[in-house]
1. What spacing in nm lies between the two simple spin-label points modelled at K363 and K312, each 7 Å away from Cα in the Cβ direction?
2. Please give the residues of the stretch 104-144, grouped as numeric ranges, whose backbone N is less than 19 Å from a label point set 7 Å along the Cα-to-Cβ vector of K416.
3. Contact order normalised by length for the stretch 238-360, with contacts defined as Cα pairs under 8 Å and 6 or more residues apart; what percent is it?
4. Can you compute the radius of gyration and Dmax for the stretch 241-342, using only the Cα atoms, both in Å?
5. Taking every pair of Cα atoms in the stretch 166-289, average 1/r, invert it to obtain the Kirkwood radius, and report Rg/Rh to two decimals.
6. Pairs K41/K416; K41/K363; K41/K424; K41/K105; K41/K197; K66/K230: which are spaced more than 19 Å apart, C-alpha to C-alpha?
7. How far is the Cα center of the stretch 64-85 from the Cα center of the stretch 470-495, in Å?
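Values in this text are rule-based calculations from the coordinates and carry no lab data. Keep in mind that what you see is a predicted model, and the values were worked out from it rather than measured. Cβ sites come from the backbone with ideal geometry, for glycine too, and all protein chains shown count toward neighbours.
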Amino acid sequence: MDGAERKRRVCAKREPQAPHSIMTNREAKRNTIPERVTLKKEIGLLSACTIIIGNIIGSGIFISPKGVLEHSGSVGLALVVWVLGGCIAALGSLCYAELGVTIPKSGGDYSYVTEIFGDLVGFLLLWSAVLIMYPTTLAVIALTFSNYVLQPAFPNCVPPYMATRILSTTCILFLTWVNCFSVRLATRIQDIFTVGKLLALGLIIAVGLLQIYKGNYEGLTPQVAFEFYKTPSVGQIALAFLQASFAFSGWNFLNYVTEEVVDPRRNLPRAIYISIPLVTFVYTLTNIAYFSSMSPEELLASNAVAVTFGEKLLGMFSTLMPISVALSTFGGINGYLFTSSRLCFSGAREGHLPSLLAMIHFKNCTPIPALLVCCTATVVILCIGETHNLINYVSFINYLSYGVTIAGLLYYRWKKPNLYRPIKVSLLVPLCYLMFWALLLGFSLHSEPVVCGVGLVIMLTGVPVYFLGVYWKNKPKCVYDFLEWATYLGQRVFFVVFPQIDPIEPITPTEWNEKSSITSKAAGPL
């Protein structure tokens, strides 16, 4: 038996044959290995919207208000930063909608950049995402979850270090198990907790609007709001945008699971158009609610803005706030695990990561090895120490990858001008985004050269890894033997196989018009 055949065999332990009279129909169905193992299309429009909203609204809106206000220097400019941050995310999402229907692959930025610029640029983006970007973001959200859960038990002090780490790790392990067990269960959890986090923010907004109705809006009047307690430099304003971008990060995550979306050419852009304006609206109102009830000094002194807000206005019901934030961050962790594991899966399928990560469970059709890699990397970062200092690193790498991807959109139009694009945005959209992107990264690099430099170094460390691990084809036989043995062992342990890929073929204008006339019932369930 040659290596390729041995690599693809299913090493699942066979169940013993039961007598026909004893085995029930249900047992027979359960013990039958599916003839066709592939990723399941179980993400409709509703679930697609909740994936975007659930990934954006995680811990950022409860962490970033302090950083945005600190760097902007006034309440008025902070609100402007939040609104413009949402507008920039909307411009970027429009570009990603075009890329998503033109290159309908799972993997998001990585798949698009690899298709447009080649393997090296795609690998560098994949390397920085897998090594630091998504594990660090997951760690920050998990720590926010544990801090808010433990806050009622430690009302007068910071929760113990070990307690927060243990609870964060437990949460990540549990949600990793859920995502390994069932795609449907993971998306249902995402749906439920997305509604929960919108209700939590709705409570903050309602209380804030009530305060404004009572006349407590002095801090929001233009004369007071734009009264600077310190004069920010252009670099500081750029850092304020980076802080806001952390709260908006995740707007592109539906593009990571394109192959699991029902009718992606229809539901991908619809979900983007619905979700981004909704999140921008909610974020702006949430910050208005904060500033209607808290002075800038109170907000800057708070380590948990939502808890301080609840203690000041909700009285005996103030415990609702940490519970609501915990629910919000719990859903955020689930969403990040779901989508970031698909990035590992896509990278392995392209040959940029070990092939074991491109395999899925033969019954549950979930990418178990990729999920476990994401889980392990996050737990390691949790154990290293404080992760909040890495938010600027993550935001810088995020913005860098967004800019490279959207520049790729322009290059791809020049490279393949005759390729039919079901969605084709105006050239002003990517150009405006790239102008803002260049200014933001330039001023950020000038203001915080060490932070931005570390982000670039993290990305560039992938260059030697690419040439040794991917570009170098004639490795010693012992290396291939070890990889084959590890893949074989992984298949036996996790019961995983290579999935059968359902490629989404290029579509012609005539076919698109015919699909557009189909009813929503035929397009698939929400």
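1. 5.4 nm
2. Under cut-off, by backbone N: 104-123.
3. Details: 51 pairs, mean separation 23.0, N = 123.
After rounding, I find 19 percent.
4. Over the stretch 241-342's Cα set, Rg and Dmax evaluate to 16.8, 49 Å.
5. Numbers: Rg = 19.3 Å, Rh = 18.2 Å.
Rg/Rh: 1.06.
6. Working: K41/K416 29 Å; K41/K363 15 Å; K41/K424 25 Å; K41/K105 13 Å; K41/K197 26 Å; K66/K230 15 Å.
Check vs 19 Å cut-off fails for K41/K416; K41/K424; K41/K197.
7. Computed from Cα coordinates, the inter-centre distance equals 50 Å.
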